[in-house]
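A short worksheet on the structure shown next.
The values are calculated or read from the model by the stated rules, or taken from the named source; none is laboratory data. Note that this is a predicted model, so its numbers are computed, not measured. Cβ coordinates were reconstructed from backbone atoms using ideal geometry, including for glycine residues, and neighbour counts include every protein chain displayed.
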Amino acid sequence: MLVIRSLIFLLLQIIITPIFATLALLSFPFSRLTRYKIISQWAKMMLPILRVVCGIRHEVKGIENLPTEPCIVLCKHQSAWETLALQKIFPPQVWVLKRELFWIPFFGWALALTSPIGIKRSDGKGAMKQLLKQGKERLAQGFCVVIFPEGTRIPYGQRGKYKIGGAMLAASSGVPVIPVAHNAGRLWGRNAFSKHPGVITMSIGAPIETKGLKADEINAKVEAWIENEIQLLEH
């Protein structure tokens, strides 16, 4: 039954995504913010389908910590689930991601219209320069900037190295950082086909003020909070 439900969800994604993405391309003449609001409906559509088909629900702790002004969101990355949930739970946002995602037919084309910061991972200094420049531009345009500090999906129960890019943007811009922990990998694992029914908990931390802090200090605060919160979610 688990395999059948997971297969149905995948087939619905395959059917819905090209149709939605084709319609989303029509949003090109609109402003960045309007395009985001239109295109993010895809993620908001997938979550109830995931709940009905696969039995995956979610709850949010720390909802009072949701930002009211542009900020930097540093989130644990375990699954594809958080890429959907962040768009439903948080205000308008742009993501820092590998630019190769833009080349995926339909999905990547629509993704490119949401004004993400698409970097070339192998270009270390160039990627950092781009992140700092475009990150500040997106914040000024009213977006939150979402970064997965571990850089890639980390299997549930494991811990990756927290990269400094998000913290450097925070130190440079002076905007608060919102740390986010969750246990999505418990039900929908890294690159996993099977999706197990249950409840995913996302925990939103209190804003970390960054003015006067160095990037490594910010990074340490974020890592400590997220990893400690992950341990609490496991009990």
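Below is a table of values for the structure above.
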quantity	calculated
Tally, over the stretch 91-110, of residues that are modelled with pLDDT of 90 or more and buried (at least 19 other Cβ atoms within 10 Å of the Cβ)	5
Among residues of the stretch 157-199, those that are of a type in the set (D, E, K, R) and farther than 30 Å from Met1 by Cβ, counted	3
Selection count, the stretch 135-155, where residues are buried (at least 19 other Cβ atoms within 10 Å of the Cβ) and not small (Gly, Ala, Ser)	11
Hits in the stretch 200-235 (condition: hydroxyl-bearing (Ser, Thr, Tyr) and crowded, with 20+ Cβ neighbours inside 10 Å)	Ser203, Thr210
Long-range neighbours under 6 Å by Cβ, at least six apart or interchain, first residue closer than 17 Å to Leu97 by Cβ within the stretch 152-170, second part of a loop (DSSP other than H, G, I, E, B) and among the charged types (D, E, K, R)	Arg153/Arg190; Gly160/Glu150
Pro197 vs. criteria of a type outside the set (Val, Ile, Thr) and either surrounded by fewer than 23 Cβ atoms within 10 Å (Cβ to Cβ) or out of contact with any strand residue (DSSP E or B) (no Cβ under 9 Å at 6 or more places or on another chain) (or both)	yes
The stretch 53-77 residues that are over 14 Å from Ser203 (Cα atoms), paired with ones that are part of a loop (DSSP other than H, G, I, E, B) and hydrophobic (A, V, I, L, M, F, W, C) (beta carbon under 7 Å, 6 or more apart)	Ile56/Leu187; Ile56/Trp188; Pro70/Phe143; Pro70/Val175; Cys71/Val175; Ile72/Val175
Some residue of the stretch 115-122 being surrounded by 15 or more Cβ atoms within 10 Å (Cβ to Cβ) and touching a residue at least 60 places away in the same chain (Cβ under 8 Å)	yes
Output for the stretch 100-109, where each listed residue is in a helix (DSSP H, G or I) and either out of contact with any Pro (no Cβ under 9 Å at 6 or more places or on another chain) or in contact (Cβ under 8 Å) with a residue 24 or more places away in the chain (or both)	Glu100, Trp103, Phe107, Gly108, Trp109
Residue within the stretch 209-230 that is touching a residue at least 12 places away in the same chain (Cβ under 8 Å), in a strand (DSSP E or B) and under 18 Å from the mean Cα position of the chain (by Cα) present	no
Failed criterion for Ala192 (all others in (1) in contact with a Ser or Thr (Cβ under 9 Å, 6 or more places away or on another chain); (2) among the aliphatic types (A, V, I, L, M); (3) at pLDDT 95 or above; (4) not in a helix (DSSP H, G or I) hold)	(3)
Residue, nearest to Ser115 (Cα to Cα), within the stretch 44-96, restricted to residues that are touching a Ser or Thr at 6+ places or on another chain (Cβ under 6 Å) and not in a strand (DSSP E or B)	Gln87
Tally of residues being free of Cβ contacts under 8 Å to residues at least 40 places away in the same chain and assigned to a loop (DSSP other than H, G, I, E, B) across the stretch 1-43	4
